[in-house]
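Trainee: Below you will find the structure I want to go over with you.
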Amino acid sequence: METRKYTSEDIITLSVIQKALENIAEEMGIVLRRASFSPNCKERLDFSCAIFNKNAELVAQAEHIPVHIGAMFSAISSILDEFPLETIKPGDIIILNSPYYGGTHLPDITFLMPVFIDEQLAFFVNNRAHHADIGGSVPGSMPGISSELYEEGLIIPPIKLYNEGKEVTDVMNLILSNVRVKTERLGDFRAQRAALLRGEERLRELSQKYGLDFLLDAVNKLMNISEKSFQEELNKIPDGTYQYEDFLDSNGITSDLVKICVKITKTFNKILISFNGTDPVQEGNVNAPHSVVYSCVYFVFRALTDSSIMTNAGLFRNIEIEIPENSMLNPQNPSAVSSGNVETSQRLVDVILGALAQSLNQIPAASQGTMNNVTIGSKKAKNAFTYYETIGGGAGASGVKNGTSAIHSHMTNTLNTPIEALELTYPLRVKEYSIRKNSGGEGRYKGGNGIIRAIECLVDSIVSLQSERRTKPPYGLHGGKPGKTGENFKINIKGEVQKLPGRATVEFYAGETLVVKTPGGGGYKLSENSAD
Amino acid sequence: MRCLGIDIGGTFTDFIVINDEGEVFLEKISSTPKDQSLGVRNGLIQLKKNTIISDLNILVHGTTVATNAILERKGVKTALLVTEGFSDVLEIGRQNRSKIYTLFPDRTEPLVPSNLRFGIEERIDSTGKVIIPLNLLQLSNILDEIAKNDVKSVAVSFLFSFFNSNHENRVYEEIKSFMPNLHVSTSNWVLPIFREYERTSTTVLDAYVAPIMQSYFTSFTEKVATEGINIPPLVLLSTGGVTQMKNAAERSVETVLSGLAGGVLGGLYSCRELGMTNALTLDIGGTSTDVAAILKGQVEISSNNEIGTLPLHIPAIAVRTIGAGGGSIARFEHGILRVGPESAGADPGPACYNLGGNLPTVTDANLVQGFLNPNYFAGGTLPIFPDLARKVVQKLSEELDFDSVEQCAAGIIEIFENNIALALRKVSTEKGYDSRNFALVAFGGAGPLSSCSLADRLAMSTVIIPPYPGVWSAYGLITADIRHDLSSSYLKPLLKNDQKSNQILEEAFSSLAHRGIQMCVDDGFAEKDVLIARQLDIRLEGQSHELNVPYYGNLVAASHNFDRAHELAYGYSSPDEPREIVNLRVSAMVHLPKFSLPALKEGNIAINDGFIGTREVYLRGGYREVNIYQKSHLKANNVIIGPAIIEQTDSTTLVDIGWKARVKLDGHLLITKIR
């Protein structure tokens, strides 16, 4: 193996290494997608892959799901607290899903594997996939209403699932005994491992080419480049303090509004994001672990930064985040969190953008602000099934164009399950899948329209909903009108319509239909013809 | 016997005539994008000055007409009929945004706007049973609306039509009886495969380009007839097969990736001629690079394709295209040097063309390093100016504080080649193929120059340069065979030893094969000459990604092959898990006569016949004197030790340090790593 020295050709080599690292993360994603079983991973791509160095700093990440971006490093830090570096051996795979160890919500299971090169721990490769079920009180492990983490599924603290390359069968059996569709979980676990092995192999090759010391040094230099570029972008925000607050429809149990506050302080080349003033820990599952909060902040600043800048730890070095103790953004065991990752996260982005809109013209009005989580599972253990899906909605309008209709915005970008794939797999029938006309907010630029998705249950089923913006609509900006709130219904066999709340777990008899109408995006500026 | 290939690219239209006396005639003229058949006629007029084309036996055409119509959104006004409640599926797509880190989620606009998308009452369930009958009254109202809107073409895509096509076919007949001039594409005809968005998108693409292709084929046939060619022209399909234009007009969507297939076929030919079974093909042009894999002597066919981000799920040769070519622009942004995907194209082109380009490109960097001969670029027909190239590269060099202009130029090439190497890895190592056992077939104007360096990056030890690298896509056309691909969704469990289910499978296959045979007969061939190949898409039950394996009538063998494919693709297999047959695929083929390339004069190893002098070239961080050879003067068996440069009218080959080239009897260069 040759070890190369830096010369004035640094930039060339760095450019090449950057591409190679990004490519490795991307290739891990390709392997994970192809090898996984559940429609959730395969069709909807609800997973992320990344590379870290041994200091738990992000080296490269493939562009998969934004809500995973900041959450991964919290998970690694927690793992390293439990497993000091010297206890980690080649071939070990440590997994976790506990939100109190850097997880987000229980269905998201993180896999982490060390990469040893020349007998030293050089990198970590990891991935996180949303599993269609991880046990708990309802199929899909996303209960509409829950007040303790135990209801939401099996809690996995950092634990070795593979010990020096060998599966720890006791742990595997324990996990599989607690989930509803065993073979699917097993298949997805194997897929997650296959992706890590591919990442390991590629990092070894890269190190072989450049020499490990040179490669690690290049990784640090790439972080410094991203840091410097981020500071340049940050200069576009005028120094000052910007505040905003918005609400969740519900605390997860009752329909009391829940306040989320942000104060952004920009000084020279640093930015402080403080969530002081946010409501305390809530009784229901809207609490968001701090890893989710990090993800939301990072998402916004990643989106505001030129896309050619590499996503790594350097990009986020000058962002400081302040989360108040005992707030719903810093919940303690055993607070319920299943909706924090999927719903509270969207509101966090809304408030950060609302604050930034006071100084930056390019900030758009609020997008639908929810993921409209739908889980449908069988009532009977026989022919068990679990279908989970999120539904897109209207995007907020901006100062240059209308918001796009029927699309995923901000913290998720999962694909829908094709209707034909869904009906071939589950005892369900889709009756409508269309754009919800006139649901975007009015304005000079109109908000995007939401979606209508109607699904008939062909057998007795349990439906769980976690959806927001059913009471408080997505805001418009600079005089633009808010988007329409979303609506959920049950239609029974007689055709009678029953309105369902934003969060609910409801029994459906065979022949009954669930209708979800998702919110529209906010409008931008006063309409030119405001008599409209 | 005499054969003509006509390949239309973005910049040039290439012609190649070959006969069984071993003569080859080439012609290269500017493309005429507004009406590609005009350029064809211009070329034929030129070609007739050198050779006879009236007694042709075969004429094969590769076209980008359908491709351009879609990319430039110049297809016909199209309406879409779908199951009621689902008229927005085409717009919603998979509900994801194209860029993940953005505050402005966006996607490609659908080809059919919402006012021309109609839902109609009907429904078939997931077993193929009708649960809501087709509402014919509603259909007639929709047809009135379509008539009012001056629509030229209609796509029909109902849920589960691949299990029960009656409703779609009924709509087809209704439209044809009321509006016979309207083109109609039904999804059960275009792509009877499950997943409604992708099927609908593919069907819409067919409807959108069909009238254009039909009139283009008519115009093409007329133009060549004017020049004395009266045989029915064949057109290259995305799968690399050919069919008569009149038949292609019935399935226009199959020509959408025609323009990419020719190069891969050329690569396949080279690979076979030199006795290789595994190869990567590399076609580097002015703005883009196409790469593809050849496995066990076969091109790879994929069904998950897209064009301009719209899903196109018909089978096509698996080609990966990236924005890297001679015109790719180098720029320094955010601490990193990037090369491409922006391209200076042909106009203004690289700075050295002196047409106003003032940004450094790959061609400029190659010129600065002395790889290109300023007096012999494109055979001396296109003047290029080294001082202009040097000026733009120098500017970048100063900005980045390089020690020399050459060092900066080498850096540009390093990044350019790294981007291409990543694309080559995507079609090889990332799929589990060991690139060390592959040969690299390099062509296109700029392919041969980077070929050894790229091979080194993938640890490959064999490079093949075709005799006419710059027109090799056109050559690929005349190596093609008649081929029709048919598929249908099946979605039943794979039962290895169940006679009844075997019989059902055989019946389903034989109905597809029957259609394939009929299409070959329509191309003018006898049923006995048709070869049928059958394939199964299989997945583990519950998995949603299928793998394609050949089927020779034995499900045990197919199942075993599936396990091996799974192991290769994903690193593990599950031989005990139940599996499902997802789709059936049939290829119907007829072999066309083949021609040999003319033989060179025979020379020997010791004498380098084409040596024309030496040049100072910047290689591996310093200038060195490099031997220059003229390709047309080389003889078979000549061996050239690298570093050396071989010049010819349509390309320049660098035999890099550590490599040696052997001239083959048919004009191929076989370049191998010196051990």
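Any read-out appearing in this document is the output of simple, stated calculations on the displayed coordinates, not a laboratory observation. Model, not experiment: these values are computed from the prediction. Backbone-built Cβ (ideal geometry, glycine too); neighbour counts: all protein chains shown.
Trainee: Can you give me the Cα centroid spacing of the range B:160-238 and the range B:571-600 in angstrom?
Mentor: 25
Trainee: At 0.36 nm per residue, minus the direct Cα-Cα distance, what do B:S632 and B:E399 gain on full extension? Give it in nm, one decimal, please.
Mentor: Details: separation 233, 0.36 × 233 = 83.88 nm, distance 4.17 nm.
Additional length available on full extension: 79.7 nm.
Trainee: Something else about it: To the nearest 0.05, what FRET efficiency results for A:S177 and A:H478 with a Förster distance of 56 Å applied to their C-beta separation? Can you show the working numbers first?
Mentor: On the way: r = 55 Å, r/R0 = 0.99.
With R0 = 56 Å, the Cβ-Cβ based efficiency is 0.50.
Trainee: Based on the Cβ-Cβ distance from B:D347 to A:F489, what FRET efficiency comes out when R0 is 56 Å, to the nearest 0.05? Kindly include the intermediate steps, with their values, before the conclusion.
Mentor: Details: r = 58 Å, r/R0 = 1.04.
With R0 = 56 Å, the Cβ-Cβ based efficiency is 0.45.
Trainee: Where a Cα-Cα gap under 16 Å defines reach, which lysines qualify for B:K664, not counting those fewer than 8 residues away within the same chain?
Mentor: Excluding near neighbours in sequence, the set is B:K601, B:K631, B:K635.
Trainee: Estimate the FRET efficiency between B:V521 and B:R170 by the formula 1/(1 + (r/R0)^6), using the beta-carbon distance for r and 45 Å for R0, to the nearest 0.05. Present the calculation step by step, with values, prior to reporting the outcome.
Mentor: On the way: r = 27 Å, r/R0 = 0.61.
For B:V521 and B:R170, the calculated efficiency is 0.95.
Trainee: So which GluC sites (Glu not before Pro) in the range A:137-242 pass both tests, a DSSP loop state and at most 15 other Cβ atoms within 10 Å of the Cβ? Could the numbers behind the result be given before it?
Mentor: Values: sites: A:E148, A:E151, A:E152, A:E164, A:E167, A:E184, A:E200, A:E201, A:E205, A:E227, A:E232, A:E233; in loops: A:E164.
Within the range A:137-242, the qualifying GluC sites (Glu not before Pro) (loop, at most 15 other Cβ atoms within 10 Å) are A:E164.
Trainee: A follow-up question, please. Based solely on C-alpha atoms, express the radius of gyration and the Dmax of the protein assembly as shown in angstrom.
Mentor: Considering the protein assembly as shown through its Cα atoms, Rg and Dmax are 30.7, 93 Å.
Trainee: Per-residue Cβ counts within 10 Å, from other chains only, averaged over B:417-429: what number is that? All intermediate terms of the calculation are to be shown ahead of the outcome.
Mentor: Values: counts 1, 8, 3, 0, 3, 7, 0, 0, 4, 4, 0, 0, 4.
That works out to 3 on average.
Trainee: Ok, one more. Can you compute the modelled spin-label distance between A:Q243 and B:L295, with each label point 7 Å from Cα toward Cβ, in nm?
Mentor: 6.2
Trainee: With +1 on the Cβ of every Lys and Arg and -1 on the Cβ of every Asp and Glu, and nothing else charged, how large is the dipole of chain B about its Cα centre, in debye rounded to the nearest 20?
Mentor: Details: 61 positive and 75 negative charges, 149 e Å.
Value, rounded to 20: 720 debye.
Trainee: Then there's this: Output the pairs from A:K481/A:K517; A:K19/A:K270; A:K379/A:K431 with a Cα-Cα distance over 24 Å in this structure; if there are none, say none. Please report the intermediate quantities before stating the final value.
Mentor: Values: A:K481/A:K517 19 Å; A:K19/A:K270 28 Å; A:K379/A:K431 22 Å.
In this structure, A:K19/A:K270 exceed 24 Å between Cα atoms.
Trainee: Ranking request for peptides A:280-290, B:415-425: highest mean number of other beta-carbon atoms within 10 Å first, then the rest in descending order. Don't skip to the answer; put the middle values down first.
Mentor: Values: A:280-290: 24.7, B:415-425: 22.8.
Ranked from most to least packed, the peptides come out as A:280-290, B:415-425.
Trainee: Here is a follow-up. Simple spin-label model, 7 Å along Cα-to-Cβ: B:R624 to B:N50 in nm?
Mentor: 3.6
Trainee: Using only DSSP helix segments of four residues or longer, with each worth -39500 (n - 2.57), what per-residue ellipticity at 222 nm results for the protein assembly as shown after dividing by its residue count and rounding to 500? Numbers along the way, then the final one.
Mentor: Numbers: 25 runs with 342 residues, N = 1207.
Calculated mean residue ellipticity at 222 nm is -9000 deg cm²/dmol.
Trainee: From a point 7 Å beyond the Cα of A:D213 in the direction of its Cβ, which residues of the range A:102-130 have a backbone N at a distance under 18 Å?
Mentor: A:117-123
Trainee: For the range B:1-157, what is the number of Lys pairs with C-alpha distance below 27 angstrom, counting only pairs 8 or more positions apart or on separate chains?
Mentor: 13
Trainee: A follow-up question, please. May I ask you to evaluate 6.51 cos²θ - 1.76 cosθ + 1.60, the Karplus curve with θ = phi - 60°, for each residue of the range B:581-591 and list the ³J(HN,Hα) values in order in whole Hz, giving x for glycine and proline?
Mentor: With the stated coefficients, the range B:581-591 comes to 8, 8, 9, 10, 9, 10, 10, 10, 10, 9, 6 Hz.
Trainee: Another question, then. Along the range B:121-134, what does the Karplus equation 6.51 cos²θ - 1.76 cosθ + 1.60 (θ = phi - 60°) give for ³J(HN,Hα), rounded to whole Hz, x for Gly and Pro?
Mentor: 5, 4, 6, 10, 8, 6, 10, x, 7, 6, 10, 9, x, 5
Trainee: Using the Kyte-Doolittle scale, which helices in chain B average at least -1.0 and also have C-alpha atoms spread 20 Å or more along the helix axis, with helices defined as whole DSSP H runs?
Mentor: Numbers: long enough: B:196-226 (44 Å, -0.14); B:258-273 (23 Å, 0.44); B:386-400 (21 Å, -0.47); B:405-426 (32 Å, 0.57); B:499-522 (34 Å, -0.30); B:555-570 (22 Å, -0.11).
Result, helices passing both filters: B:196-226, B:258-273, B:386-400, B:405-426, B:499-522, B:555-570.
Trainee: In nm, to one decimal, how far is the modelled label at B:N354 from the one at B:D144, with both set 7 Å along Cα→Cβ?
Mentor: So the label points at B:N354 and B:D144 sit 6.8 nm apart.
Trainee: Expressed as a whole number of Å, what is the distance separating the alpha-carbon centroids of the range B:393-414 and the range A:435-507?
Mentor: When both Cα centres are located, 57 Å separates them.
Trainee: Also, quick follow-up: Which GluC sites (Glu not before Pro) in the range B:469-574 sit in a loop by DSSP (not H, G, I, E or B) and have at most 16 other Cβ atoms within 10 Å of their own Cβ?
Mentor: Working: sites: B:E506, B:E507, B:E527, B:E541, B:E546, B:E567; in loops: B:E541, B:E546.
Listed in order of number, the matching sites are B:E541.
Trainee: Run down the aspartates and glutamates and flag those whose C-alpha is under 15 Å from the C-alpha of A:K484, throwing out any fewer than 8 positions away in its chain.
Mentor: Answer for A:K484, where 15 Å is the Cα cut-off: A:D249, A:E442, A:E468, listed by chain and number.
Trainee: Are there trypsin sites (Lys or Arg not before Pro) in the range B:555-661 that DSSP marks as loop and that have at most 13 other Cβ atoms within 10 Å, and which are they? Each step should come with its number before you reach the end.
Mentor: Values: sites: B:R564, B:R579, B:R585, B:K594, B:K601, B:R615, B:R620, B:R624, B:K631, B:K635, B:K660; in loops: B:K594, B:K601, B:R620, B:K635.
Of the trypsin sites (Lys or Arg not before Pro), the ones in loops of the range B:555-661 whose Cβ has at most 13 other Cβ atoms within 10 Å are B:K594, B:K601, B:R620.
Trainee: I'd like the Karplus ³J(HN,Hα) series for the range A:209-226: coefficients 6.51, -1.76, 1.60, θ = phi - 60°, whole numbers in Hz, and an x wherever there's a Gly or Pro.
Mentor: 6, 10, x, 5, 4, 4, 5, 5, 5, 4, 4, 5, 5, 5, 5, 5, 4, 5
Trainee: Sticking with this structure for a sec: Give me the distance between the Cα centres of the range A:189-234 and the range A:72-89, rounded to whole Å.
Mentor: 18
Trainee: From other protein chains only, count the Cβ atoms within 10 Å of every residue's Cβ in A:408-420, then give the mean. Don't skip to the end; give the middle numbers.
Mentor: Numbers: counts 6, 5, 4, 0, 3, 10, 3, 5, 7, 3, 9, 11, 15.
The mean count of partner-chain Cβ atoms within 10 Å per residue comes to 6.
Trainee: Mind checking the mean number of beta-carbon atoms from other chains within 10 Å of the Cβ atoms in B:87-93? Walk me through the numbers on the way to the answer.
Mentor: Details: counts 3, 11, 6, 0, 6, 11, 5.
Shielding by partners across B:87-93 averages 6.
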